[in-house]
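Before any comments, here is the structure.
The values are calculated or read from the model by the stated rules, or taken from the named source; none is laboratory data. Since this is a predicted model, take the numbers as computed values, not measurements. Cβ sites come from the backbone with ideal geometry, for glycine too, and all protein chains shown count toward neighbours. The protein model used for the area step is the full one, side chains on, heavy atoms only, and it has no ligands, DNA or RNA in it. Shrake-Rupley method; radii C 1.70, N 1.55, O 1.52, S 1.80 Å.
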Amino acid sequence: MDFKILYNDKHSNARTGMITTCHGEIPTPIFMPVGTVGSVKGIHQRNLSEDIKARIILGNTYHLYLRPGLDVLEKAGGLHRFIRWERPILTDSGGYQVFSLADRRKLSEEGAKFHSHIDGSKHLFTPENVVDIQRSIGSDIMMALDECTPYPCEYKYADDSLKLTHKWLDRGFEQYKNTEPKYGFSQAFFPIVQGSVYADLRKQSAEKIASKGAEGNAIGGLSVGEPAGMMYEMIETVNEILPKDKPRYLMGVGTPANILEGISRGIDMFDCVMPTRNGRNGMLFTSQGIINIKNEKWRYDFSPVDEIMTSFVDTDYTKAYLRHLFIAGEMLGPQIASIHNLSFYLWLVNESQKHIKEGTFTDWKNSMVKQLASRL
RNA sequence: GGGGAGAUACCAAAGUGGCCAACUGGGGCAGACUGUAAAUCUGCUGACGUACGUCUUCGUAGGUUCGAAUCCUGCUCUCCCCA
């Protein structure tokens, strides 16, 4: 994997660049749609590549390991072939499931023991086997096993957790260096900064992560309930330390405003379930602000979902029709909403790239942030 | 014409003397969702008030009772069976 910065913004830490992988190029800053179990929920791969123009998508180690299982993925020739997606894939390690399935797992030095949410069976994830699993999946970017701490989180817990995440990182990185890809293309391995909302822990973690010399670095454990301002402070703290010439990935973030604020602080990669999950639940992100398409006020509104029309669904359908689909419980509604939201998110990062190049990013960002948060 | 059953909020449907402004579903209205156990979850849905509450409701008109959606009588309407 290779990363080149093309332009640095003069008024902020934003930058635009290009990641090159064996499955193609990824212009940054970028948003990566989440496809946990080998599917970006409700979206055909064809829509994803041709209409939404996604450059890279996510998969999840925990979910893919449980279903369909590694034997299927290996026989298929890896996840790309299995799901027929030829562009890059990044896999999360299962660290987020350590957080979201907290009542079904037990952590120890060795790793994380899970009770499957599907059939209750017991499984052990270690820093090493999570690398092996991601080798079998064949993702272009693999993530280290970490503990995504909850919020709020006691200092002592965050500190202990961080020590564990760092130990796991050392082991995972060793495993990464000592193993080979299975499908003939290279795979990168990103370590993850933790430390909850404590600046000293974040600094300590960022130094540890930077010392590994990985091809890219991630920031985790944010947007788990803390105020946005706190998240931005942590990003600033961490990005002062993380190498500037490597991509920085802010995991699980976020709202359109979060993404723009992240970009201005030097983040290059984002992923979030929000455009798809909220889209399925009737929430649309538009250039004018947030729409709850189920609201009665759209009943007779025959205008496009978004006036800037970021995808074919905006030109083909009206708000009134989309509202009707949701009210009637038609599955086309969530599909259209997901396509729109993802297109909008991709539009947002594309525009960011453009404004960074043109030197107009900060002003544009500031006006957008206000607009994006308003409720229509 | 004779016999039987029934009328409860937007709809369906519980409730058959006080725990009933009335279970539950649906519908309607609104909210939540951030490395996806989510096409999910939550709240409201007689009126007025933030709330304790107050007022008007269970076809309709009366009555019994300290107290009625619930008991009694008249009326109106609906459905079923027999002729």
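A few points about this structure:
- Search result, residues across the range A:278-300 that are part of a helix (DSSP H, G or I) and either closer than 17 Å to A:A320 by Cα or without any contact (Cβ under 8 Å) to a residue 60 or more places away in the chain (or both): A:G279, A:R280, A:E296, A:K297, A:W298
- Per the conditions (1) open to solvent by 10 Å² or more (accessible area, probe 1.4 Å); (2) touching a residue at least 60 places away in the same chain (Cβ under 8 Å); (3) not basic (K, R), the sole criterion not satisfied by A:F125 is (1).
- Residue among A:I141, A:I118, A:I137, A:I133 that alone is open to solvent by 40 Å² or more (accessible area, probe 1.4 Å) and of a type in the set (V, I, T): A:I118
- When we screen A:G279, A:G262, A:G252 for residues that are among the small types (G, A, S), within 12 Å of RNA strand B (Cβ to nearest atom), out of contact with any Phe, Trp or Tyr (no Cβ under 6 Å at 6 or more places or on another chain) and open to solvent by 30 Å² or more (accessible area, probe 1.4 Å), the only hit is A:G252.
- Sole exception among (1) away from RNA strand B (no atom under 16 Å from the Cβ); (2) open to solvent by less than 10 Å² (accessible area, probe 1.4 Å) for A:I30, by number: (1)
- Qualifying position, being out of contact with any helix residue (DSSP H, G or I) (no Cβ under 9 Å at 6 or more places or on another chain) and either open to solvent by 10 Å² or more (accessible area, probe 1.4 Å) or free of Cβ contacts under 8 Å to residues at least 12 places away in the same chain (or both), among A:S223, A:S211: A:S211
- Candidate set: the range A:282-295, residues that are open to solvent by less than 50 Å² (accessible area, probe 1.4 Å) and of a type outside the set (S, T, Y); chosen: the one farthest from the chain's Cα centre (by Cα): A:I293
- Subset tally (residues that are in contact with a Leu (Cβ under 8 Å, 6 or more places away or on another chain) and farther than 23 Å from A:I290 by Cβ) for the range A:197-234: 12
- Screening A:S136, A:S161 for residues that are under 24 Å from the mean Cα position of the chain (by Cα), more than 13 Å from RNA strand B (Cβ to nearest atom), at pLDDT 95 or above and not hydrophobic (A, V, I, L, M, F, W, C) leaves exactly one candidate, A:S136.
- Applying the condition of being modelled with pLDDT of 95 or more and of a type in the set (D, E) to the range A:70-107 and asking which residue is least open to solvent (accessible area, probe 1.4 Å) yields A:D92.
- Output for the range A:13-53, where each listed residue is within 22 Å of A:F344 (Cβ to Cβ), among the polar types (S, T, N, Q) and part of a loop (DSSP other than H, G, I, E, B): A:T36, A:S39
- Pairs where the first residue, in the range A:231-242, is without any contact (Cβ under 8 Å) to a residue 60 or more places away in the chain and the second is assigned to a helix (DSSP H, G or I) and open to solvent by less than 10 Å² (accessible area, probe 1.4 Å), C-beta under 7 Å, 6+ apart: A:M234/A:R202; A:I235/A:G262; A:T237/A:R202; A:V238/A:R202; A:V238/A:A206; A:I241/A:A206; A:L242/A:A206; A:L242/A:I209
- Residue ID - least open to solvent (accessible area, probe 1.4 Å), chosen from residues in the range A:320-376 that are hydroxyl-bearing (S, T, Y), over 16 Å from A:N278 (Cα atoms) and assigned to a helix (DSSP H, G or I): A:S352
- Residues in the range A:150-189 that are part of a loop (DSSP other than H, G, I, E, B), at negative phi and of a type outside the set (F, W, Y): A:P150, A:P152, A:C153, A:E154, A:N178, A:T179, A:E180, A:P181, A:K182, A:S186, A:Q187.
- Pairing each residue of the range A:65-77 that is closer than 16 Å to A:V130 by Cβ with any residue that is in a loop (DSSP other than H, G, I, E, B) and open to solvent by 50 Å² or more (accessible area, probe 1.4 Å), provided the two are 6+ apart or on different chains, yields C-beta distances under 7 Å for A:L66/A:I118.
- Count of the range A:258-277 residues, restricted to those that are out of contact with any Gly (no Cβ under 9 Å at 6 or more places or on another chain) and within 28 Å of A:I327 (Cα to Cα), is 2.
- Against the numbered list (1) more than 10 Å from RNA strand B (Cβ to nearest atom); (2) more than 24 Å from A:F125 (Cα to Cα); (3) open to solvent by 10 Å² or more (accessible area, probe 1.4 Å), A:K41 comes up short only at (1).
- Among the residues of the range A:322-337, the one identified as in contact (Cβ under 8 Å) with a residue 12 or more places away in the chain, out of contact with any Gly (no Cβ under 7 Å at 6 or more places or on another chain) and more than 9 Å from RNA strand B (Cβ to nearest atom) is A:I336.
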